[in-house]
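Coordinate-derived values only; no laboratory data. Quantities reported herein were computed from a predicted structural model and do not represent experimental measurements. Here the Cβ positions follow ideal geometry from the backbone for every residue, glycine too, while neighbour counts run over all protein chains shown.
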Amino acid sequence: MKTRFQTSRLFPIFAAVALGVFGGNAARGQTLTQTFALRAGWNSIWLEIDPTNNTIGAVFAGAPLVAVWTFADRITAVDFIADANEPVWNRDRWLRYLPPGHPAAFQNNLFAAPGYRAYLVQLTNAFTLNVTGRPAWRPRAWAPNAYNLRGFPLDPALPPTFLDFFQPSSAHYDPSAGRLQKIYRLAGTGQWTLVHPSDRMAPGEAYWCFANGGSDYVAPIELKLDGGDGLDFGSSLNNANLACRNLRETDVTVSIRDLAAPSPLSYKRFNPTNASDWVKLDGAWTSPTPAGGEANLTTSIRRRDIPGDRYASVLAVTDGAGTRLQLPVSARKLTVAAGGAPAPGGAHSLAGLWVGQASVNAVNEVSSATDGVSTTATSGEFRLRLLIHVSRDGTARLLKEVVQLWKNGTTTNTPSGQSVVAVPGRYALVTESSLYSQFGGAILRDGTPGGQRFTAVGYDFPTTSGANFLPLTGTFGGAGTLAGTILLSPQFPTNPFRHKFHPDHDNLDDRFVGQREEAFPVQRAISLQFASAAPAGESDPDFGYRVQAGTYRETVTGLNKTPIRCQGPFRLTRVSDVAELNR
C-alpha cells in the first residue's frame, strides 16, 4: 500500500534506519571514527566526517550490502513514499550503488561516499560499520519548500529533542503556530514515521525534514571562522578566530576543547592589568553565552610545543544542550634534529628572516670617576632596527637591507603532452640588487607587482659582491649568543670622522693630492644574548619559535679613548621562513 505525504509538491523517499555515534570520542590527528549499528534491511545514516578513502568499497568494506543510495539534492520540491519496499521510485533523483554481481550493477552511478551526506544502506544482515575520516565545518543550503534528507551535529552524551534542536530555525519551526515542520524518521518496521517534538534525536541518523523556505541552518550553535572549514595555521599563521553564536532563546555555556593532549594551542584572555594575556588550552575553554549572543575565542599556536613537524587534531565545540560540532585544527613548523643540526632534507627550526629592534637604555660613563665599564640607565631609549637571517644550516647573518621577491616556478610536459608544474613558485629573499631582474614582485602596489623591502639604517658595514651581509658567530635562539664586529676604516663612507668636503677630515694632504689619514678607524662589537625563557612583559604565546628576545650589547672603540659600552633589550619576530638568500 503506497502512502504519500502531501506538501506543496510530492517527492519519493526510501525507508531506512540507522544509529551513528563517534566511537570513543578520541582523535588520532584529525581523524575520527564514526560508528553505525546497522540492522538487516534499510538503514539511513549521516556521514559527519570525510572518509579517508571515500570509495564505496572502502567505506562499506565487509558490509553485507544489498544497495547504497543517496538523494541528489535539488532546490525544488518533490514527493516521497513511506515504504522502502515500494517498487515505484523517482530514480532520476537518486545516485545508487549495487554490489558486483547484481543484475543491475551496470547502472551504478554512485562510486564514492563523501562526507556530510545522508545515505540509505540496505543490508542482508546486521553489521557494525566503522568509518574513519576528517571532520569539517561545511554548512549546506536547504532545498526550499521541500523535504531534505539530513543528519545533524549532535552530542551523543546529551541528545536533544527535535523541538529543542529546530526551534531556533524559522524554516523548521513555526512560532505563530507553535509547531515544528514535519520530520520523519525510520521506524523499526522499515517505514518512515512522523516524529513527536519531544522525541530524542540520534547522532549519525538521517531524517526527512521539511524546510519552509530557504535556509542554511545547521544547529542551534552557528560557527564563524576566519576562512576554510577549520583552523589551519599552516607554517606562518599565528592567530585564528572562532566565534560561536547562540541561536537559541535561552542561555547556554559554550565549551571548546582540544581532543589532543597536551594541546599546543593557547587562547587570549582578558586581563584587567595587561588588557589581555595568553593561556594554554588545557582542558576545556568555557564561555556563558546569552540568547542571541556570541562566544568569541582567539587562538594561537605554540609551534615550539609541537612534537615533530606537524600538529593535527580536532576541536570539540558543545553547548551543553545537545549540540556538538567538531573542527579540524592543524599547523606546521620547521624541524631540527637533536643537537641543533638541520633535520634531514629540511631546514633549521629557526631558519628565516627575523625583524625587530634593540632598545638601548643603558650606557657607560667615561669620566675618571667611573670604572668606564659599568652601564648607567639613560633617561630615554635609542632604538636600532635589527634584520637577521638564519640559513638552512643555522648560520646567522646581520643584514642592512633585504627585499622579498617571487621566484616563478617551472613546468614540464607529461608523456601525453599535458603541461604540469615541475618546480612550484616560491618567495625569495634577495640582498643583491644586481639579482633583482631574476625575480618577480611578491606584492601588488597600485596593481603592479613589486618587492617588499626591509632595511636597518643603524648598521653599515663593508660588503663584497655575493656577501652583502655581516656574518655572525655563535648560536641563534635558545640560550645562545650571537656576536659580530663591524670595522669602519678611515676611508669608509660612513666613518663618523670622515667628511668628504672638509679639509681636516677628507684623508688628503694639504694640497689635496696625496693620501693622509685624518680619520680614525671605528669598531663596533655587537652581541645578542638570547633569553631561553620569555622576559617579563612578553605576551607572545609562541616565544622561542616565532619570537626571540634577550639583551643587546655593543662596544664602540675609536670614538673615545675609553670604549663606549651600551646595552638594552631586543625583540625579534620571524616574518619569513625562507631559509636561503639570493636564490
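A few points about this structure:
- Computed from the C-alpha gyration tensor, the three semi-axes of the ellipsoid equivalent to segment 366-457 are 47, 16, 10 Å, from longest to shortest.
- For the peptides 462-475, 31-44, the ranking by mean Cβ contacts within 10 Å, running from highest to lowest, is 31-44, 462-475.
- Whole-percent P(r), the chain, all Cα pairs, 10 Å bins from 0: 3, 13, 18, 17, 15, 12, 9, 6, 4, 2, 1, 0, 0.
- Simple label model, 7 Å out from Cα along Cβ direction - THR562 to SER532, nm: 3.5 nm
- Residues ARG385 and ALA40, FRET efficiency given R0 of 56 Å [Cβ-Cβ distance, rounded to 0.05]: 0.15
- Calculation over all alpha carbon pairs of segment 141-219 in 10 angstrom steps from 0 returns a P(r) of 19, 56, 24, 1 percent.
- In terms of packing, defined here as the mean over residues of other Cβ atoms within 10 angstrom, the peptides 211-217, 446-452 line up highest first as 211-217, 446-452.
- Listed residues THR323, LEU559, PRO290: farthest to the positive end of the dipole of the chain (Cβ charges): THR323
- Ordering of 119-128, 489-498 by burial proxy (mean other Cβ atoms within 10 Å per residue, highest first): 119-128, 489-498
- Sequentially through segment 350-355, phi angles give Karplus couplings (6.51, -1.76, 1.60; θ = phi - 60°) of 10, 5, x, 9, 10, 10 Hz, Gly and Pro residues having no value and appearing as x.
- Dipole axis of the chain (+1 Lys, Arg; -1 Asp, Glu on Cβ), positive-most option in LEU223, TYR116, PHE382: TYR116
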